Amino acid sequence: MEDKVEKFEEEGRRKFLRLFGGAIGGGGVAIAANALLPAAAAVEAPAKAAVPPIPNYDWSKHHWAFGVDATKCIGCLRCVEACKVENNVSKDPHHFRTWVERYVTLEGEEKARVDSQHDPVNIAAAGGEGKYRFANRYKDAKVDKAFFVPKLCNHCTHPACVQVCPTGATYKTADGAVVIDHTYCIGCQYCVQACPYGARFFNEEKGVTDKCTWCYHRITKGLNPACVEVCPVSARVFGDRNDKQSPISIFLRDNRVTVLKPETGNAPNVFYVGIDKEVS
Amino acid sequence: MDTLFHAAPFTGYVYPNETVIPWTVLIVIYPYLTGLVAGAFTMSSLYQVFGMQRFKPVAHFAMLTSLCCMLIVPLPLLLHLGHPERALNPMITPHTTSAFAVFGYAAAFYVILLLLENWFVFRPHIVKQAQQRTGLLGLVYRVLTLGSYDVSEKAMSYDKKWIFALAVIGIPGAHGLHGYVGFVFGSLKSREWWSSDLMPPIFLFSAIISGVSLLIVLYIVSCKLRKVPIDLECVKGMAYTLWGFMLFALMLEAVEFASLMYRGREGIEMILEYVRGPLVIPFWTVQLAICSLIPVLLLSFMIGTGTKGNALIAGVLFSALLVLVGVLMMRWNVVIGGQEISKTGKGLLTYQMPWVEQESGLTAAILLMAPLVLLTVAVRFFPPWDDAKAAH
Amino acid sequence: MPKHIVRLVLLLVTAGVLAYAGKQFLTVDSFYRFGHYRGNSVADIASDRPKFRTPETCKECHAAKYTEWSKGVHNNPAVGKVVKCEVCHGAAGGRDKNPNSDISSIGTDHPNKLKLDIPSDTVKLCTLCHEQMTGRPKEQKQIVVATHAGDQQCKTCHNVHSPRTFVGALTSTSRPGNAAAGKAISADCAECHGKAGVSDDVNIPSLAGQNETYLADAIKAYKKGARKDALMTGAAKDLSDSAAENLAAYYASLQCKSAQNGEPKLVAKGQVLAQKCVSCHGESGVSPQAMWPSLAGLSKDYLVSSLKSYKAERKNNLMNKIAKDLNDADSAALASFYANASCR
């Protein structure tokens, strides 16, 4: 009871300070300075006082990261389906929080042929929209090289999407996930444009932007993201970099990893092993 | 709304989420209207700030046109939002690293500036109406006077200074605002088609030519409707302005296109395929050949040969109409074009514009007509005509 | 300064102050607490309820199936291959769809209301991972469905929870047959298959010590016409299912006898070739899988003619494929090896 009163007063004081203290010029200067800082400034200073009230979880103690070993992926698309179920994503082939790409280089061809589960041929093989399966379309072809690459939001250190969000509806949490506040997003889709990886989409039903959150509701409860949970071949790895024995720490130690489109300066936190030059 | 979204057909490989084009025809309309605002404002400041007397007949008209367009500018954005009722969020908690957040403030500032400028310009008229009219309309005029009927020499000289000062602030304001729209696109590193430092000036110059063209058309049409003689000097002046800025605009676009091609970064093959294929009609034929080269050549010819009279008026009007279409096409080719080239650099999409629904061709057409309707109403209550003052 | 300008400036200042006050008033409470966002949204997003519940949840009620799975190849964390319950059965947790928010935690959960999917079409399910496909790493077990088992369901042979054990193996311990009752009706069979189930005729198989399940299935197959033989079709026609089970139990209980007189060279060659057969028929012809026959102790001639029949009219997707690749010399060698192998 007392706690509540104190919290209330504290909020009142903060509001008061914001109302009058900030009014005197200082705010203007701060805004101007902030606007001119490079993209890195988009990620605001971390927690000031308390941590968010998540049961049995302290976000200041974790530093999440994701690994993908493309040499293990078998393209079964269980991750894609699990993600849609776990996160109530529309089942159609135009909205994905995660997806899998297939790169096939035929003999005598220079460039890989790329497709993903949204390709009409693969939808037909799956037996309709809302089911996910790769068609065995290259079984009679002469193939030089072929592999699958799982894709998802990279939860970048300098996320271009967060930089352009006009409201602060999308942000990077202190433990490393880039998430969206669906109650605050206005649905302008500027972030969809800004993401170089095509990881964001517009959720027409809710009128807001949507994307992978690394299953923030799972990882804060000690579970793996749904896609990692169901991957039958451990092509997806997830964990806490603060824990030196976590799967991701071991993955990063044991492998030479790469990230997608490093030239954009977004500094992704999804690390890849076994992808080819054409993967971007 | 019957369908939640439209899937765009594609070739090659595009990211699955890209198959729904995020920014539709409404986002084409938005920079177009903003451009008209900036262009019309430029015309009026040529008189107000730079003292070019030949533009006196259109100076006030330009100011009013600019305001009418500006009032419509937020509409396409609002209609596009997934949650229009949250539209104030960017103003309440502006994220200062976002080009959109700052746009809210810049636009609000600019609307106020235009309102003030118009208020000062039309104050003598407002005072006169307030004194003459009764009833509701009279009340509105009286509120607008702020309770002061002072139109003395002294007061007018104050007003003149304010008009000048506001116009001076307005020049960087209007152009900054529109350059900013260019920045919205140019600053995105995710799309090679947009990512360019030249985007702001390109948007700015095309804005100016579209605004000037709009004024040319509106001025000539309004004179015909009101059955007053057309001021040839003024038309010729606007033709010069259009011609000059067009040369700049074309040069800038050419430089931008050349450097995009010359840099030839990752994904250039797809861009080339796009330029050679889907762009043949909207870009090469309509925007460049018909709506840029023809007006430039025609204007050059008329200026070079000193065309006079009705031939001049017809030629300038024709050129202006083409430029208006051309700039709209340019907005289309930038906004839609950018999204038709996949971020994968391995595929192309095709935007299919629906005709009747919230974000459709019909909405776009209505939004394009809205400023004109607004203007038709506005000129009845705030006559901007140079001759009207003398007549009354 | 003229009155109207003073008033205008006042109006602007008032509007500015009002706008600023409005902005402050409308700013949601927890905004700016941790950064430029609504601080409360972090806990809101984290409060969503997970749908996928991990195998540990399933274990609580399905202990037997869990054990079966956890000991099999579909749970092999050492090589990183773990196919968890929810991969095939779907998420165990439910959550109602609330169009306004993700945060809704009201929903139906397995086991109360929600029934989990028990995939009926195992061919469709298993081939998601095991269909031979360009791009799949070599380490992944892959099959070409048409040549592996045709249109048969995977679960016909494989225990889906532990695919390297086979369906027959599971039921072998609990056959309903009664050996004594079987002995009582075995007189007719003994005429051809021998007194103690050890046949004297090289063209007729010995039955002693054969897998019970296999025997019962074979009799039933003759009865139904799935397997055809001039003599056996007639003999099985009048046998009831329980009689079939009893006979199977009886013969399975007997001791088989192997010839052990094969030509060493041929036997050695057969042993090498037999590597292909190990997974179904066992290391030395004693089948570990109850549904498939042991081969040890069957006569060479019978085995050769069996292989020949698989090459021709007799239908069995697996055996047809194997027999097709064997020439006569190979068949003879294999047959010698098995005829010579000691039973148990």
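A short reminder: the numbers here are calculations on the coordinates, not readings from a lab. Because the structure is a prediction, the values reported are computed rather than measured. So basically every Cβ, Gly included, is an ideal-geometry build from the backbone, and we count neighbours across all protein chains shown.
Let me confirm one metric for peptide C:49-57, namely the mean number of other chain beta-carbon atoms within 10 Å of its residues' beta-carbons.
Other-chain Cβ atoms within 10 Å of each residue's Cβ, averaged: 5.
Only counting other Cβ atoms within 10 Å, I'd like B:Arg86, C:Arg49, B:Arg380 sorted with the fewest neighbours first.
B:Arg380, C:Arg49, B:Arg86
Sorted from largest down, what three extents in whole angstroms do the Cα atoms of the stretch B:1-111 have along their principal axes?
Result for the stretch B:1-111: principal-axis Cα extents of 57, 36, 29 Å.
In peptide A:70-80, what is the residue-averaged number of other protein chain Cβ atoms found within 10 Å of each Cβ?
Average per residue, whole number: 5.
Would you calculate the separation in nanometres between label points at A:Glu129 and C:Met232, each defined as 7 Å from the Cα along the Cα-to-beta-carbon direction?
A separation of 5.3 nm, rounded to one decimal place.
Which value results when the Cα radius of gyration for the protein assembly as shown is divided by 2.2 N^0.38 Å?
Cα Rg divided by the expected 2.2 N^0.38 Å: 1.29.
Taking the dipole about the Cα centre of the protein assembly as shown, with the C-beta of Lys and Arg at +1 and of Asp and Glu at -1, give me whichever of C:Pro293, C:Cys256, B:His80 is farthest to the positive side.
B:His80
What is the mean number of Cβ atoms from other protein chains located within 10 Å of the Cβ atom of each residue in peptide B:4-11, rounded to a whole number?
3
Find how much the distance from C:Ala187 to C:Glu139 grows on full extension, using 0.36 nm per residue of separation minus their present alpha carbon separation; answer in nm with one decimal.
12.0 nm is the gain from fully extending C:Ala187 to C:Glu139.
In vacuum, with every alpha carbon of the stretch C:264-340 counted as one equal point scatterer, what does the Debye formula give for log10 I(q)/I(0) at q = 0.16, 0.17, 0.21, 0.22 Å⁻¹? Two decimals, please.
-0.50, -0.57, -0.91, -1.00
Going by how many other beta carbons lie within 10 Å of each one, how would you line up C:Val79, A:Val237, fewest first?
Exposure proxy ranking, most exposed first: C:Val79, A:Val237.
What ranking of B:Ile271, B:Ile202, B:Ile112 emerges when the number of other C-beta atoms within 10 Å of each C-beta is taken as an exposure proxy, fewest first?
Least crowded to most crowded, the residues run B:Ile112, B:Ile271, B:Ile202.
What's the FRET efficiency of B:Met369 with C:Asp121 using the Cβ-Cβ distance as r and R₀ = 51 Å, to the nearest 0.05?
0.35
Let me have the 222 nm mean residue ellipticity of chain B computed from DSSP H runs of 4+ only, each contributing -39500 (n - 2.57), with the sum over all residues rounded to the nearest 500.
Taking each H run of at least 4 residues, the total per residue is -23500 deg cm²/dmol.
Assuming R0 = 56 Å, what is the FRET efficiency of C:Ala78 and B:Ile281, from their Cβ-Cβ distance, to the nearest 0.05?
0.40
Report the residues of the stretch C:309-330 in range of a label on C:Lys224: point 7 Å along Cα→C-beta, backbone N strictly under 17 Å from it.
What the label zone holds, given the 17 Å backbone N cut-off, is C:315-318.
Can you tell me the orientation of helix B:309-340 relative to chain B, as the angle in degrees between its alpha-carbon axis and the longest Cα principal axis, to the nearest 10?
40 degrees
Which value in nm describes the separation of the simple spin-label points at B:Val325 and B:Met353, placed 7 Å from the Cα toward the beta carbon?
With each label placed 7 Å out from Cα toward Cβ, I get 1.3 nm.
For Cα pairs less than 8 Å apart in space and 6+ apart in sequence, what is the mean separation divided by the residue count of the stretch B:10-387, i.e. the relative contact order in percent?
Relative contact order of the stretch B:10-387: 30 percent.
Helix B:56-72 versus the longest principal axis of chain B: what angle, 0 to 90°, nearest 10, using Cα atoms?
Helix B:56-72 sits roughly 50 degrees off the main axis of chain B.
Put a dot 7 Å past each Cα toward the Cβ at B:Thr376 and A:Glu109; how far apart are the dots in nm?
If labels sit at A:Glu109 and B:Thr376, their model points lie 5.7 nm apart.
How much length, in nm to one decimal, is gained on full extension between C:Gln275 and C:Asp325, taken as 0.36 nm per residue of separation minus their Cα-Cα distance?
Extra length available between C:Gln275 and C:Asp325 comes to 16.6 nm.
For the stretch C:179-253, what ratio Rg/Rh do Cα atoms give with a Kirkwood hydrodynamic radius?
On the Cα set of the stretch C:179-253, Rg over Rh gives 0.92.
log₁₀ I(q)/I(0) of chain C at q = 0.08, 0.11, 0.14 Å⁻¹, via Debye over equal Cα point scatterers, no solvent, to two decimals?
One equal scatterer on each Cα of chain C leads to -0.58, -0.89, -1.22.
Compute the acute angle (0 to 90°) between the alpha-carbon long axis of helix B:232-263 and the principal axis of greatest extent of the alpha-carbon atoms of chain B; round to the nearest 10°.
So the inclination is approximately 20 degrees.
Among A:Ala82, A:Thr183, C:His36, which residue has its Cα furthest toward the positive end of the charge dipole of the protein assembly as shown, with +1 on Lys/Arg Cβ and -1 on Asp/Glu Cβ?
The listed residue farthest towards the positive side: C:His36.
Mind ordering B:188-196, C:335-343, B:289-297 by average Cβ neighbours within 10 Å, highest first?
Order by mean packing, descending: C:335-343, B:188-196, B:289-297.
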